[in-house]
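So the structure is just underneath, and the comments pick up after that.
The values are calculated or read from the model by the stated rules, or taken from the named source; none is laboratory data. All of these numbers come straight from a predicted model, not from anything done at the bench. All Cβ positions, glycine included, derive from the backbone under ideal geometry; neighbour counts span all protein chains shown.
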Amino acid sequence: MKFIVIFITSFLFFSKIALASPLPCTIWQTQVEAHPVKPYKNKDGTLVIKKGETDEHCRLKYPKTEKWQTQFFDGAIHGWPIPEEKFKSWSQSEKELVLKFLSQQPQALRALNDITLLRGSKSKFKNNPGTSVKALNAIALYDKFFSSEEKSRILSHELSHLYLHNLNPEKLANLVSELGWRQEGKENSLVRLPSYPLLRPDSAQSITEDIANHLEDFLHDQESLRKKFPDRYKLIKEIVPVDFRLESP
């Protein structure tokens, strides 16, 4: 009988320890302790007061970017157009940092599908933090990205390179014309007229770089873009969704 009592006591003791142990959250989740339910307001302003407390549970660190968790690719990808560039494996902290700033992007950019995210070492081009390749549906982020104070802007820019292909062709053509690009020569190559002011020097590199620069500024420096180039600003506003703006993480 004494043995049975000791066994039951030990069983209950270790059961309490097991119940008190942390929940088996994934690497993409954080543990939320049980806590009293706080009053909150409905959309109509009605105050809602609930008694009791929430249970201990796991919560996604960045729920807006859950589908991106599987898009990180270690090493080089076949067909990368700059063969001399080197790639490496992602660390978990780097992945979470990217997801953090991805969660700030507009829904239209986060909704892009099947984007491969590569961890590059150093770009072939000086001071370049990222490269987007539409043919591979891939974005490479280099060491320069992780040392930059402008991570959200960089992601907006690289995602815009891929997103611009989803825009309405007719409305996009109006923007292209307003930026000063024209089709010339026998091959109808796009050439930028020098009489049109550049948003940034590298906007002259290509039409896609020019558009990506403007979408980036529309998100991160909208008032300045509106004042300097009101016609461009108006055309961009007509092309992108009404909720094309940065969001809280």
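Please go through the range 123-156 and pick out each residue that is more than 22 Å from S206 (Cα to Cα) and out of contact with any Pro (no Cβ under 6 Å at 6 or more places or on another chain). Scanning the range 123-156 gives D143, F146, S147, E149, E150, K151, S152. Summed over the range 186-207, residues that are over 23 Å from S160 (Cβ atoms) and either among the small types (G, A, S) or surrounded by 10 or more Cβ atoms within 10 Å (Cβ to Cβ) (or both) total 1. Looking only at the range 160-182, decide whether some residue is of a type in the set (A, V, I, L, M, F, W, C), within 20 Å of A76 (Cα to Cα) and out of contact with any Cys (no Cβ under 7 Å at 6 or more places or on another chain). Looking for residues that are of a type in the set (A, V, I, L, M, F, W, C), within 20 Å of A76 (Cα to Cα) and out of contact with any Cys (no Cβ under 7 Å at 6 or more places or on another chain), one finds at least one in the range 160-182, hence yes. For F145, are the conditions met, namely being buried (at least 16 other Cβ atoms within 10 Å of the Cβ), without any contact (Cβ under 8 Å) to a residue 40 or more places away in the chain and aromatic (F, W, Y)? Yes; evaluated as a whole, the condition is true for this residue. Taking each residue of the range 125-137 that is surrounded by fewer than 19 Cβ atoms within 10 Å (Cβ to Cβ) and looking for partners that are not hydrophobic (A, V, I, L, M, F, W, C) with beta-carbon atoms closer than 6 Å, six or more apart or interchain, yields L136/G79; N137/D114.
Given the structure, is K234 touching a Leu at 6+ places or on another chain (Cβ under 9 Å), surrounded by fewer than 19 Cβ atoms within 10 Å (Cβ to Cβ) and assigned by TED's automatic domain parsing to the domain that holds A135?
On the way: touching a Leu at 6+ places or on another chain (Cβ under 9 Å): no; surrounded by fewer than 19 Cβ atoms within 10 Å (Cβ to Cβ): yes; assigned by TED's automatic domain parsing to the domain that holds A135: yes.
Spelling it out, it is not the case that K234 is touching a Leu at 6+ places or on another chain (Cβ under 9 Å), surrounded by fewer than 19 Cβ atoms within 10 Å (Cβ to Cβ) and assigned by TED's automatic domain parsing to the domain that holds A135.
Among residues of the range 70-82 that are at positive phi, those with a Cβ under 9 angstrom from a residue that is loosely packed, with under 15 Cβ neighbours inside 10 Å and hydroxyl-bearing (S, T, Y), sequence gap 6+ or separate chain, pair up as G75/S89. Do we have any residue at all in the range 224-239 that's β-branched (V, I, T), within 18 Å of the chain's Cα centre (by Cα) and under 16 Å from Q107 (Cα atoms)? No, the conditions are met nowhere in the range 224-239.
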